[in-house]
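Taking it in order: structure first as structure tokens, then the write-up.
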Amino acid sequence: MEMRHVAPDFAVSPQLGAGDVGLAAAQGVRAIVCNRPDGEGDDQTPSAEIAAAAKAHGLAFRHVPVRSGAVTDADAAAMAEALAELPAPVLAYCRTGARSITLWSLAQAPRLSTPAILAAAEGAGYDLSGLADRLDARGAGVGAGPPARRNAHDVVIVGGGAAGIATAASLLKRRPGLDVAVIEPQDVHHYQPGWTLVGGGVFDRRDTLRAMHQVMPAGVRRIRAAVAEFAPERSEVVLEDGERIGYRALVAAPGLKLDWDGVEGLRETLGRNGVTSNYLFDMAPYTWELVQGLRGGRALFTQPPMPIKCAGAPQKAMYLACDAWRRKGRLGSIEVEFLNAGGALFGVSEYVPALMEYVRRYGIALSFEHRLVAVDGSSKTATFETPDGRVTREFDMLHAVPPQTGLDVVRRSPLADAKGWIEVSPETLQHPRYGDVFGLGDACSAPNAKTAAAVRKQAPVVAENVVAALDGRPPCAIYDGYGSCPLTVERGRIVLAEFGYGGALKPSFPSWLIDGTKPTRAAWFLKEKLLPPVYWHAMLKGREWLAAPTILPAAPTPHEARDACDFAEPAPAAAEPKPSVLAE
Ligand code: FAD
């Protein structure tokens, strides 16, 4: 069997025998389409036999027979319908594969540009240049299918945050000139890891900001809009104004939703009445203002249920505040309490002893299984749900962290898992049901710590795997779950938590330089002086510092295997012409 990958979700092949179906299933194919009428040639396995073999291997099957050299618009519409309904990836076949690639191309024309279609066919070894006018006509709205849309790209990235920009840069590093579009509604890009230091009086908030056009890699097409709908079955996204954008591969990185309304009264009182949060750019300076102003009374710091972005950030804010009060000699007059919806100070036990040392030093009261449910700014009270019922605390300062969920646009999309995150394989970051979709960053379902540090490692993995998908190869790069949380236990010292899936410690530095389980000055220097430039000038530029992806040895595609054989053998007398629509 000679299976030629055209797109991540589609491949073609010459005539199959019943024995080829199992091979196709083993390569991940989930449905087979036969484009050949029965009885066309003596060498032909009847479609019913292929259908029976497909059923035996658990594959779907569809017969969309087309006469050689006479592919009509009705045939293209029937193929489009089959592709929309069948599970992907689909393997379509005819005598040489040419009718199948022609049908696929015509079916794609309303949503992909003619050059993109011709390039995909060319990549699979088919010259469809004779079809260009017809593809153009269908793309312009002639023929069956949805209304015309010419704006399709090789890769569409949703979200211009840490994950979207880093992936765009890593993609273009690997393949300069690739047609990449980034859809992002905001005109500014934030370095959120800096907000803890803004709230701690170390950074000015302007240090954490760049204009979006400054971080957008050269060569990227920026689309200033928000995605309102993911339509992976049509390989497109729909913008808020209804415009549709098609893709050959999608990278979904829109971040997560800070659910301020998940705590009654919180939104109304944020920024007033002593209520603040480092989770907002505008609010982090207010944290430092409150810390400087508080001379006595009670300060509450809260943490919502997991998962949240930067799980250490709620307590980082607290330690820096306590350190500032200690230096001013006020800590003895301030009662500090950490109220955590979870049951542990930090999810990876190796870092807890060093943190507990600071909890004791600052005299912090710990309350686990306390979930913030309401804030009343005027009476300065916060209410918590606990296993023993609701409790209310008065406060003079409240640092609140909101519950966090998948974005609404993700939750209602076919990309979402049961919990509302973009479902991905934890290792390849590829969507399990839509092979042309990848997800990373805070939005995705991988069970890593949601951090920019994780994104630094994920982006090269996604870039590798997207390039593989565009070439019709399976994913080859693997993400190990790395995430990092620099816990600012005092001004000048950090406990640098670095860990992967299952809480496995993954230190980046030798322990003589930075022992992550202990507070060190070197880790503070890293956080304050090194990581911001690493973010702006390396991660967002495709310079993959300490982030080279693990690449699996690739099995050659049938195409490559054949090419390799051609290379080893004496050159044929005449080059074999590429199958053409006109040739079959
Ligand atoms: P984001 O950076 O949030 O970007 C998402 C982007 O998608 C945004 O630009 C948004 O406008 C866009 N978007 C949203 N909806 C749509 C839509 N419908 N269509 C198109 N675009 C859309 N990480 C660390 O590594 N170390 C730290 O010390 C650290 N500290 C932190 C402290 C705080 C207070 C906070 C809040 C975060 C911290 N993080 C830290 C976490 C880190 O900032 C995030 O994990 C990281 O920014 C995630 O990147 P992302 O691209 O997935 O999401």
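Restricting attention to the stretch 230-267, which residues are closer than 24 Å to Tyr286 by Cα and surrounded by fewer than 16 Cβ atoms within 10 Å (Cβ to Cβ)?
Asp259, Asp261, Glu264, Arg267
Can you go through Ala56, Ala18 and tell me which one is more than 21 Å from Ile117 (Cα to Cα), assigned by TED's automatic domain parsing to the domain that holds Ala121, hydrophobic (A, V, I, L, M, F, W, C) and exposed (fewer than 14 other Cβ atoms within 10 Å of the Cβ)?
Ala56
What's the number of the condition Pro432 fails, among (1) touching a residue at least 12 places away in the same chain (Cβ under 8 Å); (2) part of a loop (DSSP other than H, G, I, E, B); (3) open to solvent by 20 Å² or more (accessible area, probe 1.4 Å)?
(1)
Among (1) within 15 Å of the ligand (Cβ to nearest atom); (2) over 30 Å from Val462 (Cα atoms); (3) part of a loop (DSSP other than H, G, I, E, B), which single condition is Pro285 missing?
Every condition holds for Pro285 apart from (3).
Scan Leu300, Leu280 and give me the residue that is touching a Phe, Trp or Tyr at 6+ places or on another chain (Cβ under 9 Å) and outside any strand (DSSP E or B).
Leu280
Just give me the residues in the stretch 511-533 being within 13 Å of the ligand (Cβ to nearest atom), over 17 Å from Glu357 (Cβ atoms) and free of Cβ contacts under 8 Å to residues at least 40 places away in the same chain, in sequence order.
Scanning the stretch 511-533 gives a single hit, Leu530.
How do the helices (runs of 4 or more DSSP H) wholly within the stretch 154-255 filter down when requiring 1 or more residues that are touching a residue at least 60 places away in the same chain (Cβ under 8 Å) and within 19 Å of the chain's Cα centre (by Cα): which remain?
162-174, 212-215
With the structure loaded, tell me whether Gly363 is over 32 Å from the mean Cα position of the chain (by Cα), more than 16 Å from the ligand (Cβ to nearest atom), modelled with pLDDT of 95 or more and not β-branched (Val, Ile, Thr) or whether it fails that test.
yes
Does the stretch 175-183 include one or more residues that are near the ligand (Cβ under 9 Å from one of its atoms) and surrounded by fewer than 17 Cβ atoms within 10 Å (Cβ to Cβ)?
Checked the stretch 175-183: no residue is near the ligand (Cβ under 9 Å from one of its atoms) and surrounded by fewer than 17 Cβ atoms within 10 Å (Cβ to Cβ).
Between a residue in the stretch 535-548 that is surrounded by 20 or more Cβ atoms within 10 Å (Cβ to Cβ) and any residue that is in a loop (DSSP other than H, G, I, E, B) and not β-branched (Val, Ile, Thr), which pairs come within a Cβ distance under 8 Å, given they are 6 or more apart or on different chains?
Tyr535/Tyr191; Met539/Trp545; Met539/Ala547; Leu540/Pro217; Gly542/Pro217
Please verify whether Asn465 is within 14 Å of Leu256 (Cβ to Cβ) and either among the polar types (S, T, N, Q) or open to solvent by less than 10 Å² (accessible area, probe 1.4 Å) (or both), treating the condition exactly as stated.
In short, no.
Can you name the residue in the stretch 435-457 that is more than 9 Å from the ligand (Cβ to nearest atom) and farther than 30 Å from Leu91 by Cα and, of all such residues, is surrounded by the fewest Cβ atoms within 10 Å (Cβ to Cβ)?
By that ranking, first place goes to Pro447.
If you go through the stretch 77-103 one residue at a time, how many are in contact with a helix residue (DSSP H, G or I) (Cβ under 7 Å, 6 or more places away or on another chain) and open to solvent by less than 10 Å² (accessible area, probe 1.4 Å)?
So the count comes out to 9.
Using beta carbons and a limit of 6 Å, which pairs, at least six apart or on different chains, have the first residue in the stretch 489-509 and over 29 Å from Ser425 (Cβ atoms) and assigned by TED's automatic domain parsing to the domain that holds Ala454 and the second one open to solvent by less than 10 Å² (accessible area, probe 1.4 Å) and polar (S, T, N, Q)?
Sorted first by the residue in the stretch 489-509, then by its partner, the pairs are Ile494/Thr488.
Looking only at the stretch 493-534, which residues are part of a loop (DSSP other than H, G, I, E, B) and open to solvent by 20 Å² or more (accessible area, probe 1.4 Å)?
Ala504, Lys506, Pro507, Ser508, Phe509, Pro510, Ser511, Trp512, Leu513, Asp515, Thr517, Lys518
Of everything in the stretch 57-76, what is touching a helix residue (DSSP H, G or I) at 6+ places or on another chain (Cβ under 8 Å) and not in a loop (DSSP other than H, G, I, E, B)? Give them in sequence order.
The answer is Ala60, Phe61, Arg62, His63, Asp73, Asp75, Ala76.
Have a look at Gly274, Gly312 and point out the one that is buried (at least 17 other Cβ atoms within 10 Å of the Cβ), closer than 28 Å to Arg326 by Cβ, within 9 Å of the ligand (Cβ to nearest atom) and of a type outside the set (A, V, I, L, M).
Selected residue: Gly312, the only one of Gly274, Gly312 that is buried (at least 17 other Cβ atoms within 10 Å of the Cβ), closer than 28 Å to Arg326 by Cβ, within 9 Å of the ligand (Cβ to nearest atom) and of a type outside the set (A, V, I, L, M).
Working carefully through the options Leu331, Leu290, find the one that is more than 30 Å from His5 (Cβ to Cβ) and within 16 Å of the ligand (Cβ to nearest atom).
That would be Leu290, the only listed residue that is more than 30 Å from His5 (Cβ to Cβ) and within 16 Å of the ligand (Cβ to nearest atom).
Which members of the stretch 458-489 meet the condition of being more than 16 Å from the ligand (Cβ to nearest atom) and of a type in the set (Asp, Glu)?
The answer is Glu464, Asp471.
Can you pull out every residue in the stretch 184-227 that is of a type in the set (Gly, Ala, Ser) and near the ligand (Cβ under 9 Å from one of its atoms)?
If the condition is that a residue be of a type in the set (Gly, Ala, Ser) and near the ligand (Cβ under 9 Å from one of its atoms), then Gly194, Gly199, Ala225, Ala226 are the ones that fit.
Going through the stretch 111-125 one residue at a time, which ones are assigned to a loop (DSSP other than H, G, I, E, B) and over 14 Å from Gly472 (Cα atoms)?
Arg111, Leu112, Ser113
The values are calculated or read from the model by the stated rules, or taken from the named source; none is laboratory data. Note that the structure is a prediction, hence the values are computed from the model and not measured. Cβ atoms come from the backbone with ideal geometry, glycine included; neighbour counts cover every protein chain shown. Ligands, DNA and RNA are stripped out before the accessible areas are found, and what is left, the full protein with its side chains, is counted by its heavy atoms. Shrake-Rupley method; radii C 1.70, N 1.55, O 1.52, S 1.80 Å.
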